[in-house]
Every structure is written in structure tokens, then in C-alpha cells.
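One structure is given below, encoded as C-alpha cells.
The values are calculated or read from the model by the stated rules, or taken from the named source; none is laboratory data. All values reported here derive from a predicted model rather than from experimental measurement. Glycine gets a Cβ as well: all are built from the backbone with ideal geometry, and neighbour counts include every protein chain shown. Side chains included, ligands, DNA and RNA excluded: accessible areas come from the protein's heavy atoms. Shrake-Rupley method; radii C 1.70, N 1.55, O 1.52, S 1.80 Å.
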Amino acid sequence: MALLLVLVGVVAGVVLASSLLLRWNEVRYGNGRRRHGDGCLPPGTMGWPLFGETTEFLKQGPAFMKQRRLRYGRLFRTHILGCPTVVCMDPELNRRMLLQGESGGLVPGYPQSMLDILGRNNIAAVHGPLHRVMRGAMLGLVRPAALRTSLLPKIDAFMRDHLHGWAGSVVDVQAKTKEMALLSALRQIAGITAGPLSDALKTELYTLVLGTISLPINIPGTSYYQGFQARKKLVSMLEQMIAERRLSGDAHDDMLDALLRSGDDGTREKLSDEQIIDLLIALIYSGYETMSTTSMMAVKYLSEHPWALDELRREHLDIRKGKSPEEAISYEDFKSMAFTRAVIFETLRLATVVNGLLRKTTQDVEMNGYVIPQGWRIYVYTREINYDPFMYPDPMTFNPWRWLEKNMESHPHFMLFGGGGRMCPGKEVGTAEIATFLHYFVTRYRWEEEGKNTILKFPRVEAPNGLHIRVQDY
């Protein structure tokens, strides 16, 4: 009997302590909090001290968002990834947030883990004059003239080689597209080809990616700790490359050489080595994740929709007419790939490769009558827009033709590549890489899925056991 009373007391104590902690966090961030005497925070819950509702968010993903939208509406508060956050699911309000920018009190607000691991000069995080300098440097690398004369020929040669010899085997498309995205980026950035150096960089990059979507707990064994250690190793490798370039004095036709020479003519500010390294890591990271996942999911959707595959293959076989087997596709060929572009955009939309964008308030910001305090994050959650039946009829169906019927890219709520002054600068280069991959893949091969392939769509789109296909010559 005494033991029972002790157990009851312990349980009651745990329940009381938990309730007090939850209530303390609500009082600290939420209930009744006012700023300057007017306005209040949106409804919602803040979860536990320090951790907030991060565990539920990462485990439940879209279900977490839907449950809170049903309970609180399209604008609600929470505490995720170490930050008090307001989630916005309203398409028009999201558009305004992306256009508002720094003058309206909003700067990039990515989680601390991402800021630490990608570097303080990461283009997605900096703002003000530094952002203009970093964005200008990046745009110089991926401008249309560079894509036409330098990047596309390299992409074509790489894809032609990477896709060689797949026939007669079972291929893990996820592994192949990850390798493809990384090696293609390394070749364009620093002329690095497959070998020991690319293998070492690949190992560290895979670890770095996982660290960017973790809680910033710097304890050995955590994803954050491992990601930060991977960054240190990547920085060391890039520093060595820069030192070797300067020592040799040889000219190289790649992005690293362009960045090292940038500013020599006095037309723009010269970048420090630290800024160059952070820019290179951002280029590799952003292109790697988006390009590999979109390429993998395009293969899956095309497998499941043969009429779309037939149309895509027809477009690319028409391009190959009159070309010799070894002749590269031209910039004009790329610009003519209307259905290919539609397939890529539809894949990005349906798979929701990017769930949303984060902003941080530098002052109190008004949103629909609520006041978001300085220092909070705003999660511009674009996932729901991708499945809006008013914008995309029958939204859960893979239908590339919808992008041809009307100019969806000019729609005010088109946010697959961000918006405003922070629209993804590498949009066209990334599209060209995926289009070139599809060009050689569908004109060389036919394929079918092998076994049961599971796809997870949150917090990252991935096939935990791989996406296996049996490939044959076309």
C-alpha cells in the first residue's frame, strides 16, 4: 500500500511539474504577451522549454501543420527548431512576406544549426550590403551568358558520361542522382572529377546536410555536432584548394577561379577567402539537395505515368534528330524543352521538395492584426499552396500539362523558387541540369521499378531504402 502511494505521488509530481513547465513556456512566449500595449500574438501553443514542439514537428510533419491549422487557422504560433515561430499558410500573406524584405523588418531566419553549419556568409542568411555583394557574386556565376557558353557544355559532357553503362542492371536512382548532383557541382565549381578528393568531399557533405536540420546541440554523437565537424573538414579542403590555386597561378575555367579573380577589375567588391568558401558551400548544398531529389522523383513520377513519359521522350527524340550521337545539346535546345520544364515544375510541386522559407523579425511586425515580436521567426509555409485546388485543379495528380495551359510561372503565388529579392539565383542552372539528365536518360533507356520503394516526404523527400529500377537500352 505504501509503495502504491509513493508511485501515485511520483506520477502526480511528474504531471504537476510537466504542467508547470508547459504553462511557464506559454506565459514566457504566448498568453497575454503584448508589445507596446497593442496587438497580440496569433493563437497556438509553445510546447516545452528549449525543445518547444520540435519533436512533434519533425515526427508528424505536414500532419502537425494541418492539425494546428484546423485548430487555430492559417496563422499560428509554435516553437520549433529552437525558435519561437509564427507559421503562415495564407498564400497572399506569404507573398507579401516574401516581397516585404528588410525594409519591412524581415531578414532570413534560418535555424541556428543551418546558420552555423553553412557559415555566417551563407547567401541565404546574410542581409543588407553583404547580401548584395554575395548575391551579385553568385549571379555572376550563373547568369544566362555563363550558362550558354560555359556551364551547359560542362553539364552536357558530365551527364553523358555519368549516365553511361546503366543498361542491364538494377540502379538505385536515389544514390545515382545524389552522386550526380554532387559531382556535377564539384566539376563546375572547381573542376573536380570523380576520385579520392570527390569521395572525401561527398562523405562530409552528406553529414553536413543532416546537421542543418537538427537541434543545435553541440554534443558528440548528435547530428548537429557531426554536421559542424563535417563543415570544418570541408572548409579545410577548400582552403587548401584556394592556396594551391594561388601558388600555381594557372587559369581555370570554373567558378572558384572566377570568384578568386572577382573584384580585380574594380567593378565589384573583392570577396575574402571566408566569403568565397561559404559561397561555395552554399552553392554545393543548395544545388545538391534540390537537384538530386527532383531528378529522383521525376523518374518515379514518369514511371507511374507512361503518357507523360511518352510525351517527354518525344520532345527529346525530336531534339536529337539531325544530331550525331556525340553532339551536345545547345542552349537553344534547352530553351525549347517546354514539356521538360513542365515535368520539372510539376515534380517540384507534387513532391514538395521545398516546404517553406524562414524569415526573422528585426522589429515588431504586424500580420493580419497580430503583432509578431522582434527576434521571432516567421515560417512562410508554401507546402499547402502546392496542393491548393483553386491554383492547381486535382492537385494530387501528376499533370505536367497544367504548366503549359497557362503561364503558371507568372502567377503571384508561384513560390517553388522563393520570391522577391531572394528568388533562387540558380533556378535556371538547376533546371538545365535536371533537363539534361532527363534528356540522356529517356533517349537512352527504358526502365521499371524494382521491388517495393518507399518514399518519405518530411522533413526531407527521400527513399530510406533507395529507389531501385531495372534499366534496359531504349
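Here is how the numbers come out for the structure above:
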| quantity | calculated |
| --- | --- |
| Cβ pairs under 8 Å, 6+ apart, first in the stretch 139-158 and touching a residue at least 12 places away in the same chain (Cβ under 8 Å), second hydroxyl-bearing (Ser, Thr, Tyr) and not in a helix (DSSP H, G or I) | Gly140/Ser262; Leu152/Ser330 |
| Filtered residue count, the stretch 86-145, keeping only those that are farther than 25 Å from Glu409 by Cα, among the β-branched types (Val, Ile, Thr) and in contact with a strand residue (DSSP E or B) (Cβ under 9 Å, 6 or more places away or on another chain) | 2 |
| Selection within the stretch 124-135 - farther than 15 Å from Cys424 by Cβ and outside any loop (DSSP other than H, G, I, E, B) | Pro129, Leu130, Arg132, Val133 |
| Which numbered condition Val133 fails, given (1) open to solvent by less than 20 Å² (accessible area, probe 1.4 Å); (2) closer than 15 Å to Ile276 by Cα | (1) |
| Odd one out for Asn465 among (1) surrounded by 17 or more Cβ atoms within 10 Å (Cβ to Cβ); (2) within 25 Å of the chain's Cα centre (by Cα); (3) farther than 24 Å from Pro144 by Cα | (1) |
| Residue match in the stretch 155-168 (condition: over 18 Å from Thr203 (Cα atoms), among the basic types (Lys, Arg) and open to solvent by 20 Å² or more (accessible area, probe 1.4 Å)) | yes |
| Residues of the stretch 92-110 that turn out to be open to solvent by 20 Å² or more (accessible area, probe 1.4 Å), in contact with a helix residue (DSSP H, G or I) (Cβ under 9 Å, 6 or more places away or on another chain), in contact (Cβ under 8 Å) with a residue 40 or more places away in the chain and part of a helix (DSSP H, G or I), as a count | 4 |
| Residues (farther than 21 Å from Val353 by Cα and part of a strand (DSSP E or B)) located in the stretch 67-86 | Leu75, Phe76, Arg77, Thr78, His79, Cys83, Pro84, Thr85, Val86 |
| Any chance Phe64 is assigned to a helix (DSSP H, G or I) and either open to solvent by less than 10 Å² (accessible area, probe 1.4 Å) or not acidic (Asp, Glu) (or both) | yes |
| Extreme residue, surrounded by the fewest Cβ atoms within 10 Å (Cβ to Cβ), among residues of the stretch 111-126 that are polar (S, T, N, Q) and under 17 Å from Ile217 (Cβ atoms) | Gln112 |
| Odd one out for Thr193 among (1) of a type in the set (S, T, N, Q); (2) touching a Phe, Trp or Tyr at 6+ places or on another chain (Cβ under 8 Å); (3) under 19 Å from His252 (Cα atoms); (4) open to solvent by 20 Å² or more (accessible area, probe 1.4 Å) | (2) |
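Matching residues to (1) among the aliphatic types (A, V, I, L, M); (2) part of a helix (DSSP H, G or I); (3) under 27 Å from Met337 (Cβ atoms):
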site: Cys424; (1), (2), (3): no, no, yes
site: Thr431; (1), (2), (3): no, yes, yes
site: Phe437; (1), (2), (3): no, yes, yes
site: Phe441; (1), (2), (3): no, yes, yes
site: Arg446; (1), (2), (3): no, no, yes
site: Asn465; (1), (2), (3): no, no, no
site: Val471; (1), (2), (3): yes, no, yes
